[in-house]
Amino acid sequence: MTTPHEIGLAQTPGLETGPGKLADPCIMVVFGATGDLTRRKLIPALYHLEKENLLPENFAFVGVAIDQLSRDEFRNRISDCLNSPDEGEASEVVDEQSLSSLIDRTEYIVGDFGDPGTYQALKGRLSDLDAQFGTAGNRLFYFAVAPGFFSVVAKQLGAAGLLTEENGWRRVVVEKPFGHDYDSSQALNKDLLSVLQEHQIYRIDHYLGKETVQNLMVFRFANGIFEPIWNRRYVDHVQITVAESVGVEQRGSYYESAGALRDMVPSHIFQLIAFTAMEPPVSFDADAVRNEQIKIMNAIAPMTPEEVLQRTVRGQYGAGMDGDNRLPAYRSEPHVAGDSRTETFVAIKFYIDNWRWADIPFYVRTGKRLPRRVTEIRIQFKRAPFVLFRQTPVDTLQPNQLVIRVQPDEGISLSFGAKIPGATVRLGTVNMDFRYKDYFGVKPSTGYERLLHDCMSGDATLFRRSDALDAAWSAVMPILDVWAALPPRSFPNYAAGTWGPKEADELMSRDGRHWLV
Ligand code: BG6
């Protein structure tokens, strides 16, 4: 078997770096340091980078949040984060040396994001850390805050003189959702550009850093056998599921203003659609790839209000059970209104109005408190003609399916019909299965490792351009408009721990199909 080294992969997929691409010395400042994003994604990613020797030697990490914690209390949280992996992910054997190396370079500042005093305190601390760790004046500011604070933090940083690139670079990573709708996305862009230049802004979508997502392009375009059948003539439909078993955790106030559609669809789900549906780019050059992706987003057929009613489903979880554990309803989660109308689940049928995909539905669904965590893309091919089997006990042929498992259990499998051994002709469905773990022996990264490293080395290839955001918001605006005009009347409409409201199944069954996860 070919080993990863023979085919030129770095030890940890997702962390490969191009020639000469070293992370610069820098201080990374995270606003929202006590939030879920920092705990679930950023700290594990920093630790992985440190473990792989990919963090710059001259590095410091500063958390900023309103919570009254001492530096040591914040440092203790770092090791706690590594002991609570996402569902389906194995917990890590922590390398103590890497962990303490990260912890020793960690600081914490208590502060209100709207208070100029916070930024003055930060400014002083950053100068001290520069002297202590030799970080050369470079600063990476990460906005892991509720979207309502993006402009606030940017403007305060600007007012405190913390964004001027006179000694060292200043970069800002802006999380999603980028805006609340088309207009607010434009307004946010304008606010950022009032204190920053475009090259300083890194709009992140961590799905772009996921190895399995990047591999979609390699899979499609480095293998001659798939591309000829990757179109409306051979594909029956595509299903994309991004399911999470967790609820909204501590993010109730953010989620109340976002909801599942804004939280997941214009970003992660559109990236998955774009990688699945795009034309081959002329090169791997950032703009070549992005141009093709944007064409797909622009080709997502805008829905009429009538189509929104027929092709979209929204849901909100009520109480449910996970074995013997009672799971709370969304409306009982912290910081959530008792009569909240925010959706925690969406299912949508999209069409991509171009020559390759005309009339082929792309069904997507995403939600919180579904039975398990799974992200996958299923390409279902058209059935073979039945004619040969008429005189046999076989009553139906199963269509072939190609499943791209984005996470967990990352891999790809292709199902096909095979003869069950015996005297009569009977068919069973079997799988050809590739698992990253089996071939490459290591787990692909979460996505954040690669992107943080890119940002520290000034590579914006995998970050989003503002025209991609415009295209994404334009595609979902008709849905947001109809939903705003017709508030949901049946919430909660699915029990926590189930696969969403029955309407999501009906969306499929009306077309003679069903969800296959
Ligand atoms: C984030 C969303 O962008 O992605 C969260 O805001 C969601 O609500 C998360 O939980 C999912 O990321 P992953 O990598 O676990 O699929």
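Since every read-out is calculated from the coordinates, none of them should be taken as a lab result. Values in this document were obtained by computation on a predicted structure and should not be read as measured data. Quick reminder, even Gly has a Cβ in these numbers, built from the backbone with ideal geometry, and neighbours come from all protein chains shown.
If the chain between SER257 and GLN132 were fully stretched, how many nm would it gain, using 0.36 nm times the residue separation less the Cα-Cα distance?
Values: separation 125, 0.36 × 125 = 45.00 nm, distance 4.07 nm.
Stretched out fully, the SER257 to GLN132 stretch lengthens by 40.9 nm.
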Nearest 10, in degrees from 0 to 90: the angle of helix 182-195 to the longest Cα principal axis of the chain is 30 degrees
Computed over region 363-443, Cα set: Rg, Dmax in Å: 16.5, 48
Given the alpha-carbon gyration tensor of region 102-175, what are the semi-axes of its equivalent ellipsoid in whole angstrom, ordered largest first, with each equal to the square root of 5 times an eigenvalue? 20, 14, 13
Relative contact order %, the chain, counting alpha carbon pairs below 8 Å whose residues are six or more apart: 19 percent
For the chain, just the Cα set please: Rg and Dmax, both in angstrom. 23.8, 83
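With a 10 Å radius around each residue's Cβ, average the other Cβ atoms per peptide and rank 297-309, 384-396, highest first. Intermediate values should be presented prior to the final figure.
Values: 297-309: 16.8, 384-396: 10.4.
Ranking the peptides 297-309, 384-396 by packing returns 297-309, 384-396.
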Calculate log10 I(q)/I(0) of region 158-203 for q = 0.24, 0.32, 0.33 Å⁻¹, where I(q) comes from the Debye formula with a single equal point scatterer on each Cα and nothing for solvent. -0.88, -1.23, -1.26
Counting C-alpha atoms alone, how compact is region 154-235: give Rg to one decimal and Dmax as a whole number, in angstrom. 19.3, 58
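In units of 2.2 N^0.38 Å, what is the alpha-carbon radius of gyration of region 341-408? Show your work: numbers first, answer last.
Details: Rg = 17.0 Å, N = 68, 2.2 N^0.38 = 10.9 Å.
Working it through for region 341-408, the quotient is 1.55.
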Could you work out how far helix 116-133 tilts from the main Cα principal axis of the chain, as a 0 to 90 degree angle to the nearest 10? 90 degrees
Compute the acute angle (0 to 90°) between the alpha-carbon long axis of helix 150-159 and the principal axis of greatest extent of the alpha-carbon atoms of the chain; round to the nearest 10°. 30 degrees
Pulled fully out, how much extra length does the chain show between VAL93 and ALA484, if you take 0.36 nm times their separation in residues and subtract their Cα-Cα distance? 136.1 nm
Relative contact order for region 342-490 using alpha-carbon pairs under 8 Å, separation at least 6, rounded to a whole percent? 12 percent
Karplus-derived 3J(HN,Hα), 6.51/-1.76/1.60, for each residue of region 471-478, Hz, glycine and proline x: 5, 5, 5, 4, 6, 9, 4, x
Could you count how many Lys pairs in region 109-227 have their Cα atoms under 19 Å apart, skipping same-chain pairs fewer than 8 positions apart? 5
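Rg to Rh for region 262-417: what is it, with Cα atoms only and Rh by Kirkwood? Write down the numbers at each step before the final one.
On the way: Rg = 19.7 Å, Rh = 18.9 Å.
Using only Cα positions, Rg/Rh for region 262-417 is 1.04.
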What is the P(r) of region 75-233, as percent of Cα-Cα pairs per 5 Å bin from 0? 1, 7, 12, 14, 15, 15, 13, 10, 6, 3, 2, 1, 0
Mean projected area, convex hull of alpha-carbon positions in region 16-151, reported to one decimal in nm², is 9.1 nm²
HN-Hα J couplings of region 105-111 from phi, Karplus 6.51/-1.76/1.60, θ = phi - 60°, integer Hz, Gly and Pro as x? 9, 9, 10, 9, 10, 7, x
Fraction of alpha-carbon pairs over 13 Å apart in region 33-81 - percent: 60 percent
Taking the simple approach of a point 7 Å from Cα along Cα-to-Cβ for both ALA121 and GLU506, what is their distance in nm? 5.4 nm
Scattering from the C-alpha atoms of region 436-517 alone, worked out with Debye: what is log10 I(q)/I(0) at q = 0.13, 0.18, 0.20, 0.26 1/Å? -0.90, -1.02, -1.01, -1.16
Principal axis box of region 363-517, alpha-carbon based, largest edge first, Å: 62, 48, 31
Can you pull the three principal axis extents for the Cα set of region 425-470, in Å, largest first? 58, 32, 12
Long-range amide H partners of VAL29 with built H, under 5 Å: VAL62, LEU140, PHE141, TYR142
